[in-house]
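*Asks:* Below you'll find the structure I mean.
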């Protein structure tokens, strides 16, 4: 069974998703990025980014990183902060329920799990199995059931892709998932259609440039916005800009903060 602390953090995270106040999570990939983000006023939860963690160890995204290494890293992050942590665990590394059980044991209280557009009955069964594990562990686990309808449907009719996302997301919610993640550059009309189908505080989006503003999404019932690997890209961009400035004869910017 999960510890009392893990159960408390799980209930807190679920409550943050249910609150009409939009939950924003700027994704992290190691202990130093996690503690830096956690120290910012207004941060209420952390989310890891699988792409960023894999990249930091030299692996490509897409379950190329060994599951033991991924879990070790998310466990380190969860242990380093007092906030609830939800982890991006890709498709579950061949055993999504088992991976979730291990993650809960490390103090992780939520997760993204991709459907990878598996046959819908198989994907629904996976959601049910994950939520059964959460029940057995005694936690209000915040499964953010991800549908890859848009990610893998870029060559298809956009309306058909949206219909797939609605069908799959609705099925995952009925199977017990608290929220559904639909990563894509969504239009306002598409967000409204998804919220209408799922209900308020059930949809998670990604903050890709070109998506509706945070204020608009909060007003229209979106539960959460996360940022995936973009936060790491922002950090690495700042690093390259420092190098470029040094090459020009400059140096460390006056805005630098001492964080470790």
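FYI, it's all coordinate maths here, none of it is from the lab. Source: prediction; values computed, not measured. Using ideal geometry, Cβ is built from the backbone for each residue, glycine included, and neighbour counts are taken over all protein chains shown.
*Asks:* Choose one answer from 170, 187, 237: the residue with the largest mean-square fluctuation in a GNM of the chain with alpha-carbon springs under 10 Å.
*Replies:* Comparing 170, 187, 237 in the GNM, the peak value goes to 237.
*Asks:* Additional query: At 0.36 nm per residue, and after removing the present C-alpha to C-alpha distance, how many nm does the segment from residue 41 to residue 56 gain when stretched out fully? Please report the intermediate quantities before stating the final value.
*Replies:* Values: separation 15, 0.36 × 15 = 5.40 nm, distance 2.62 nm.
Length gained between residue 41 and residue 56: 2.8 nm.
*Asks:* Using every alpha carbon pair in the chain, what percent of pairs falls into each 5 Å bin from 0 up to the bin containing the largest distance?
*Replies:* So the P(r) values, bin by bin, are 1, 6, 13, 17, 20, 17, 12, 7, 3, 2, 1, 0, 0.
*Asks:* Could you give the nm distance between label points at residue 136 and residue 208, where each point is 7 Å from its Cα heading toward the beta carbon?
*Replies:* Simple spin-label model gives 3.6 nm for this pair.
*Asks:* Of all DSSP beta bridges located in segment 4-245, what percent are antiparallel, nearest 5? Present the calculation step by step, with values, prior to reporting the outcome.
*Replies:* Details: 0 of 22 bridges.
If I count the DSSP bridges inside segment 4-245, around 0 percent turn out antiparallel.
*Asks:* Further question on the same structure: Among 247, 220, 51, which comes first, second and so on when ranked by fewest other beta-carbon atoms within 10 Å? The partial results should precede the final answer.
*Replies:* On the way: 247 8, 220 17, 51 22.
Least crowded to most crowded, the residues run 247, 220, 51.
*Asks:* Among 99, 3, rank each residue by its count of other Cβ atoms within 10 Å, from fewest to most, as a rough exposure measure. Don't jump to the answer; show the numbers that get you there.
*Replies:* Numbers: 99 23, 3 13.
Exposure proxy ranking, most exposed first: 3, 99.
*Asks:* What shape does segment 119-245 have by the C-alpha gyration tensor, where a ≥ b ≥ c are the square roots of the eigenvalues, rounded means a/c under 1.5, and otherwise prolate means a/b greater than b/c and oblate the rest?
*Replies:* Values: a/c = 1.86, a/b = 1.43, b/c = 1.30.
In terms of gyration-tensor shape, prolate.
*Asks:* Using the alpha-carbon centroid of each, what span in Å lies between segment 150-187 and segment 1-28?
*Replies:* Segment 150-187 and segment 1-28 have Cα centres separated by 23 Å.
*Asks:* Quick one: length gained pulling residue 79 to residue 188 fully straight, 0.36 nm per residue minus the C-alpha distance? Show your work: numbers first, answer last.
*Replies:* Details: separation 109, 0.36 × 109 = 39.24 nm, distance 3.76 nm.
Computed gain between residue 79 and residue 188 is 35.5 nm.
*Asks:* Which residue, 244, 136, 90, has the most motion in a Gaussian network model of the chain that connects Cα atoms within less than 10 Å?
*Replies:* 244
*Asks:* Which whole-number percentage describes the relative contact order of segment 4-245, with Cα contacts under 8 Å and a sequence gap of 6 or more? Don't skip to the end; give the middle numbers.
*Replies:* On the way: 440 pairs, mean separation 54.1, N = 242.
Over segment 4-245, the number comes to 22 percent.
*Asks:* Tell me the mean residue ellipticity at 222 nm calculated for the chain from its helices only (DSSP H runs of n ≥ 4, each -39500 (n - 2.57), averaged over every residue, nearest 500). If you can, show how the numbers build up before the last one.
*Replies:* Numbers: 10 runs with 124 residues, N = 260.
Helix contribution divided over all residues of the chain: -15000 deg cm²/dmol.
*Asks:* If you don't mind, there's one more thing I want to ask. Gain in length, residue 117 to residue 256, computed as 0.36 nm per residue apart minus the alpha-carbon separation, to one decimal in nm?
*Replies:* On the way: separation 139, 0.36 × 139 = 50.04 nm, distance 4.33 nm.
Extra length from residue 117 to residue 256 when fully extended: 45.7 nm.
*Asks:* Cut-off 10 angstrom, C-alpha nodes, Gaussian network model of the chain. Which of 236, 16, 69 fluctuates the most?
*Replies:* Fluctuation is largest for 236.
*Asks:* Also, quick follow-up: Based on other C-beta atoms within 10 Å, arrange 29, 216 from fewest to most. Can you show the working numbers first?
*Replies:* Numbers: 29 25, 216 13.
Fewest to most other Cβ atoms nearby, the residues stand as 216, 29.
*Asks:* Let me ask another. Give the calculated FRET efficiency between residue 1 and residue 196 to the nearest 0.05, with a Förster radius of 35 Å applied to their Cβ-Cβ distance. Could you put the intermediate results ahead of the total?
*Replies:* Values: r = 38 Å, r/R0 = 1.09.
Calculated transfer efficiency: 0.40.
*Asks:* Take the Cα gyration tensor of segment 1-52, multiply each eigenvalue by 5, square-root it, and list the three semi-axes largest first, rounded to whole angstrom. Walk me through the intermediate numbers first.
*Replies:* On the way: eigenvalues 75, 49, 23 Å².
Ellipsoid semi-axes (Å, largest first): 19, 16, 11.
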